[in-house]
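Notes for the one structure printed next.
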Amino acid sequence: RFKVPPRKMAEFKSNFGSFYDCIQPEAEGLLYYGFTVDEANGIVFCREAYSNGDGALKHMDNVDSAMKAALQVGDLDSFEVHGPQPELEKLEGKLKPMGCRFFATDAGSKLFAAKMPKSWGPGAIDRTVFLVPCYKVQDGKMDDARAIFKDFYNQTRPYEEGLLYFGFAVDVGGGAIVCRSAYSNADGLLAHLVHVEAAGQKLLGVAEQERLEVHGPAEEIERLRETLEPLGCKFYVADAGCRAWMAGFSDGSSVDVSEMLFSSGKKMASQLQSKVEKGSRAREIVEARGKAFTEKAKDFVVRELNTTAASLFRALDTEESKFVLEFNQAVDASFPPITVLLAGLASPMVLTASYVSHILQLFLLFLPIFLASAWAVYEDWGSVCDIPTMKEWLWVAFVLSGLQVIGRSVLLLRISAGQRALREKSDEIGARLAANAADGETGLSDMQEIVIGTTVIVQEALLIEDSVRRSPMVDVVGVSTLLWIIAVLWNFVIIVGWTFVPGTIAFYEKAGGVAAGHFCGAWASVFVGRVVCLLTPVFFFMNIVSATQWALVKVIHSDGVSSAVLSASKKFDRGNIGVPVAETLVKSLLLRAGSDARKAKLTVALGEALRLSKEREDAQAKLQALQARVNSSKIERRTLKALAKKVGDTMEANVSVLEQAGEEDMTNWKSMGSQLTLAAERRAARSQEAARDQLDKMIQYVMEMSDKLQNNEHVKAALEKARVAAIETKDAASRAQDAASKGLVQAQQKAAEGFTQAKEAAAAAAAQAPGALMR
């Protein structure tokens, strides 16, 4: 692990090629090799594995020159070796002086999809996702921590997780543990976290997590950020030169690059074309890049696909195109398995039925009996009662009814809190959907909100039901209900046998000395017993149902029975149509989603993260709008300041400007008025002269034509029209002259009025601020 200054990161990364050139895969027994980079923290990690210690030593010799060059740019931050103890011993002599830490692998570590290489070639592109958590074990707890490894091994599901290898390595002297695991993709890693959640919590009881790292391709890391970043995870992006020689690692040797590119491009274009009118542009981008890829090497595929995606987004720069590409991700993240969906739809009804049952039995049966039995214990303290086991029964009834009151009260509070939280969540999501629908349109973002909101509510209901079912108070209520049924039968025997038959027992105080051995002075206890006998027909069946339900749930949800029931349902499905109908019904209705209910926690969290991301984008848009308004205000403020500096920002400054103007400004205003008058006169004169010139030209032209064509009838007619037109033109010129004269007079009047008004305004300003004019 190297620590590299940010300004030298590019130089350090340029040296990766020197390492790749120096390695000898077959001679070193390389399993995988490459660099991963955490740009944010300036860390470069060399991720490498060898068949044995000898290969590692051989590699150290091969890359010695490249290592020295790297250390000229960055510093060696830490050095760790993980492996079997005999192989570690081979390396201690050379690596211990370098400050290397040695972690011995646990015996339970295994290869799954990954296999040891049978031959070495150029290697395949390493697309693996590595998860590396490190723990600091509490003093004296190393044996306890190692005992928990078995829980991890048992809870891991290799095929569901796409697991390549998994295991632990231990530094006993340093009190540290490292978990080493690799997955085909990010989905497998997330599934693994759900499966080993219980074991992970158990390990945190004896150890503290020092660091959490993920190494892998950039696109896989992006899918993990929202889930793992809150846990303090550091992300290392794999370099394009990372190679693997183990079978089972991502291998691009059989990939048709052009086919992959065109297939990916067509899929993106088909998704976008229905919503965005720029689909043709998208296809042009993909096809243009695809033609250039026919002869390129396979290890450029990922980088070029990313470039293509970036080009698509630039060509389709709309909000809707973004949501088209992200819609599938939102559905995958928040849509639950069908078993969770069916179980979650029934959860509100199950919670309501449980709530009603607890209310009835608490307030109509157990709470009254608890209070009555407490009163009877107090009232009959020290009394004599010859009814067999009467006092013992009263104490049993007091204790059992007290347990029922406590247990059912706690469950009622939990169910009520869960239902209230569910209603608040439903109201919140409903308000967001109503706000989205207020514009009268339903876009892809609205559809995403609907999908996420609906599935989150369903899964939240199932999680509430699951938390209630796992409460310890459920067992308290279940056990005490079974014992209460026995106590009710016991009470029925002693009450009917000794108190309902006349002559069997005496209750009158004076009979105590006469009816020795047949007298009972504990009248309150007998009263409580008779009340229980009267209530038994009403609630006995309900007690039987509650106890039976509790017992069945405990049995069915045990590991052995649930596995047997699932196996039977799968066998039934395979023997019929082959569709997992029975398995789905058993998991959703009988097992209440079983282990899938735990996955709902993750999907709810992912759905909530997507929702919060949308809210963050909306908040950022509002922030940008507010920032634009702030910037506009700043510009306006600077403009006003400049104006104030020029003309003054107080009354005194304005009056001072007027004083400085004085007679000079008055003269200027008068001069400007005179200039306006002269300009108006000139325009009128030009207008008059132009009219006269045009009139003379027209008359001259008519006379010439008359001389030439005086015998032509058409010309005579035209001449007559011209004469009439000339007269009309002359009249128009005369009217224009009159208008120009009037305009001249009006201009002179306006100039005089302006001069008078300016003079009056200056005098008024001076009169309003007499003190300011004093010097």
| task | Out of L422, L463, L482, report the one residue that is at pLDDT 90 or above and either under 24 Å from L591 (Cβ atoms) or of a type in the set (S, T, N, Q) (or both). | result | L482
| query | Would you say Y135 is under 32 Å from the mean Cα position of the chain (by Cα), open to solvent by less than 60 Å² (accessible area, probe 1.4 Å) and either more than 27 Å from Y236 (Cα to Cα) or of a type in the set (F, W, Y) (or both)? | reply | yes
| task | Would you please name the residue that is least open to solvent (accessible area, probe 1.4 Å), looking only at residues in segment 154-176 that are of a type outside the set (D, E, K, R) and part of a helix (DSSP H, G or I)? | result | P158
| Qualifying positions in segment 91-130 - within 27 Å of M142 (Cα to Cα) and of a type in the set (S, T, N, Q) | T105, S109
| message | For the condition within 29 Å of the chain's Cα centre (by Cα) and surrounded by 14 or more Cβ atoms within 10 Å (Cβ to Cβ), what is the one hit in D187, D144, D151? | response | D187
| task | Write out, first by first residue and then by second, each pair whose Cβ atoms fall under 7 Å of each other, whose residues are 6+ apart or on separate chains, and whose first residue, in segment 140-159, is touching a residue at least 24 places away in the same chain (Cβ under 8 Å) and under 9 Å from A199 (Cβ atoms) while the second is basic (K, R) and part of a helix (DSSP H, G or I). | result | I148/K202; D151/K202
| query | Can you find even one residue in segment 109-119 that is within 30 Å of R223 (Cα to Cα), among the small types (G, A, S) and open to solvent by 40 Å² or more (accessible area, probe 1.4 Å)? | reply | yes
| field | Filter result for V196 (open to solvent by less than 30 Å² (accessible area, probe 1.4 Å), hydrophobic (A, V, I, L, M, F, W, C) and more than 31 Å from the chain's Cα centre (by Cα)) | value | no
| query | Assuming S569 fulfils every condition listed in (1) touching a helix residue (DSSP H, G or I) at 6+ places or on another chain (Cβ under 8 Å); (2) at pLDDT 80 or above; (3) of a type outside the set (A, V, I, L, M); (4) open to solvent by 80 Å² or more (accessible area, probe 1.4 Å) apart from one, which condition is it? | reply | (4)
| Filter result for E87 (touching a Lys or Arg at 6+ places or on another chain (Cβ under 7 Å) and crowded, with 17+ Cβ neighbours inside 10 Å) | no
| said: Criterion first (crowded, with 21+ Cβ neighbours inside 10 Å and not aliphatic (A, V, I, L, M)) does C179 satisfy it? | reply: yes
| request: Can you confirm whether segment 515-529 contains a residue that is at pLDDT below 85, open to solvent by 60 Å² or more (accessible area, probe 1.4 Å) and either over 43 Å from the mean Cα position of the chain (by Cα) or not hydrophobic (A, V, I, L, M, F, W, C) (or both)? | output: yes
| message | All but one of (1) within 28 Å of the chain's Cα centre (by Cα); (2) open to solvent by less than 20 Å² (accessible area, probe 1.4 Å); (3) not aliphatic (A, V, I, L, M) hold for R127; state the number of the condition that does not hold. | response | (2)
| query | Only one of (1) surrounded by fewer than 18 Cβ atoms within 10 Å (Cβ to Cβ); (2) in contact (Cβ under 8 Å) with a residue 60 or more places away in the chain fails for D54. Which number is that? | reply | (2)
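The values are calculated or read from the model by the stated rules, or taken from the named source; none is laboratory data. Everything numeric here is computed off the predicted structure, so don't read it as measured data. All Cβ positions, even for glycine, are placed from backbone atoms using ideal geometry, and neighbour counts span all protein chains on display. Please note that ligands, DNA and RNA were not included when accessible areas were found on the heavy atoms of the full protein model with its side chains. Shrake-Rupley method; radii C 1.70, N 1.55, O 1.52, S 1.80 Å.
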